[in-house]
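The values are calculated or read from the model by the stated rules, or taken from the named source; none is laboratory data. These numbers were taken from a predicted model, which means no experiment stands behind them. Because the Cβ atoms are built from the backbone with ideal geometry, glycine has one as well, and the counts that use them run over all protein chains shown. To get the accessible areas, we keep the full protein, side chains included, count just its heavy atoms, and leave off ligands, DNA and RNA. Shrake-Rupley method; radii C 1.70, N 1.55, O 1.52, S 1.80 Å.
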Amino acid sequence: MLKPQLLYYELGPKVTAFSTTRHGGCSKGRHGAFNINHYCGDDEADIARNLAALKKLLGVEQVVLPHQTHGTEVRLITHQPPAEGWQNALEGVDAVMTADTGICIGVSTADCIPILLYDEVHHAAAAIHAGWRGTVKRIAAKAVESMRDSFGTHPEELKAVIGPGISLEAFEVGDEVYEQFQEEGFPMEKIARRYPALLPPTGGIEGGFKWHIDLPRCNFLQLQETAVRQIEMTGICTYQQSEDFFSARKLTVDSGRIYTAIVLR
């Protein structure tokens, strides 16, 4: 019997919050063993079995997986299906939020940064996918604003978790990426470092130094700017711990995805 192995977060007695690991599923190869993402080339039969196991473990019928496109679209999820159907409603969505109990809302990552928000006062939650593009566009801040508009959330009352993602040391970027963060006013002295160039996949050596960006730190600072004060960081680097968590840089994009999610009880 499949039993997904989850990394749980303590956000409150009426919440189940977690990230999946690579363990406890039936997917194979670079998708192995636990993957429920439909957009990364995995076998659909394996995805279905893994998804059924997760639903059973959580005791839920609805598991929300948006088709993320590195944008800033935030979608409200309820028990009532939208007129266009869930598949269309979740296309191009990178953050989801709900105040309905019994729905598992989450995002998929494999080096990008997953963020969970929980408003205990209004019993509402959000899950955010923040890759470098979404981080530059401040998707975390937009999600906080969307919760305020939809639920009356006060940012200072939110609890946040920044889940497994690529670390500063592993996230080498080109000058053009560094410049985008700089142009958007990020404090580069706090989020960027220069290191000797990493070995490229071919095994050849690139000369000189390359910029590295600290995506978890970027999102931590972004949440602080919105007045969120209770922020937990896992400190898990997906690239360095790819045996337990999927990493697109380590395993290629043709690999599984971590699912970071929250269920209101």
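Quick check on the stretch 149-168: of everything there that is assigned to a helix (DSSP H, G or I) and farther than 17 Å from residue 73 by Cβ, which residue is most open to solvent (accessible area, probe 1.4 Å)?
Result: 156.
Does residue 119 meet the test of being within 14 Å of the chain's Cα centre (by Cα), among the acidic types (Asp, Glu) and crowded, with 21+ Cβ neighbours inside 10 Å?
The answer is no for residue 119.
Among the candidates 174, 235, 185, 208, which residue alone is open to solvent by less than 30 Å² (accessible area, probe 1.4 Å), free of Cβ contacts under 8 Å to residues at least 40 places away in the same chain and out of contact with any Ser or Thr (no Cβ under 8 Å at 6 or more places or on another chain)?
Answer to the check: 174.
Looking at the stretch 122-134, which of its residues are in contact with a helix residue (DSSP H, G or I) (Cβ under 7 Å, 6 or more places away or on another chain) and surrounded by fewer than 24 Cβ atoms within 10 Å (Cβ to Cβ)?
122, 124, 132
Out of (1) crowded, with 20+ Cβ neighbours inside 10 Å; (2) more than 16 Å from the chain's Cα centre (by Cα); (3) small (Gly, Ala, Ser), the odd one out for residue 255 is which?
(2)
I'd like to verify a number: residues in the stretch 52-63 that are crowded, with 20+ Cβ neighbours inside 10 Å and either small (Gly, Ala, Ser) or in contact with a Leu (Cβ under 7 Å, 6 or more places away or on another chain) (or both), how many?
0
Return the residue satisfying two criteria in turn: it lies in the stretch 1-40 and is hydroxyl-bearing (Ser, Thr, Tyr) and open to solvent by less than 80 Å² (accessible area, probe 1.4 Å), and of such residues it is farthest from residue 129 (Cα to Cα).
This residue is 27.
Just wondering, is there one or more residues in the stretch 156-163 that are under 30 Å from residue 102 (Cα atoms), touching a Pro at 6+ places or on another chain (Cβ under 8 Å), at pLDDT 95 or above and not acidic (Asp, Glu)?
So far as the stretch 156-163 goes, yes, one or more of its residues are under 30 Å from residue 102 (Cα atoms), touching a Pro at 6+ places or on another chain (Cβ under 8 Å), at pLDDT 95 or above and not acidic (Asp, Glu).
From the residues in the stretch 41-50 that are surrounded by fewer than 20 Cβ atoms within 10 Å (Cβ to Cβ) and either free of Cβ contacts under 8 Å to residues at least 24 places away in the same chain or in contact with a helix residue (DSSP H, G or I) (Cβ under 9 Å, 6 or more places away or on another chain) (or both), which one is nearest to residue 108 (Cα to Cα)?
The extreme case among them is 41.
Within the stretch 55-86, work out how many residues are without any contact (Cβ under 8 Å) to a residue 60 or more places away in the chain, under 16 Å from residue 1 (Cβ atoms) and in contact with a strand residue (DSSP E or B) (Cβ under 7 Å, 6 or more places away or on another chain).
1
Confirm whether residue 143 is surrounded by 24 or more Cβ atoms within 10 Å (Cβ to Cβ), in contact (Cβ under 8 Å) with a residue 12 or more places away in the chain and either in a strand (DSSP E or B) or in contact with a Pro (Cβ under 9 Å, 6 or more places away or on another chain) (or both).
For residue 143, the condition - surrounded by 24 or more Cβ atoms within 10 Å (Cβ to Cβ), in contact (Cβ under 8 Å) with a residue 12 or more places away in the chain and either in a strand (DSSP E or B) or in contact with a Pro (Cβ under 9 Å, 6 or more places away or on another chain) (or both) - is not met.
From the list 109, 101, 78, which residue is at pLDDT 95 or above, of a type in the set (S, T, N, Q) and open to solvent by less than 10 Å² (accessible area, probe 1.4 Å)?
Only one candidate qualifies: 109.
Might you let me know whether the stretch 145-162 holds any residue that is within 15 Å of residue 218 (Cα to Cα) and not small (Gly, Ala, Ser)?
Within the stretch 145-162, one or more residues are within 15 Å of residue 218 (Cα to Cα) and not small (Gly, Ala, Ser).
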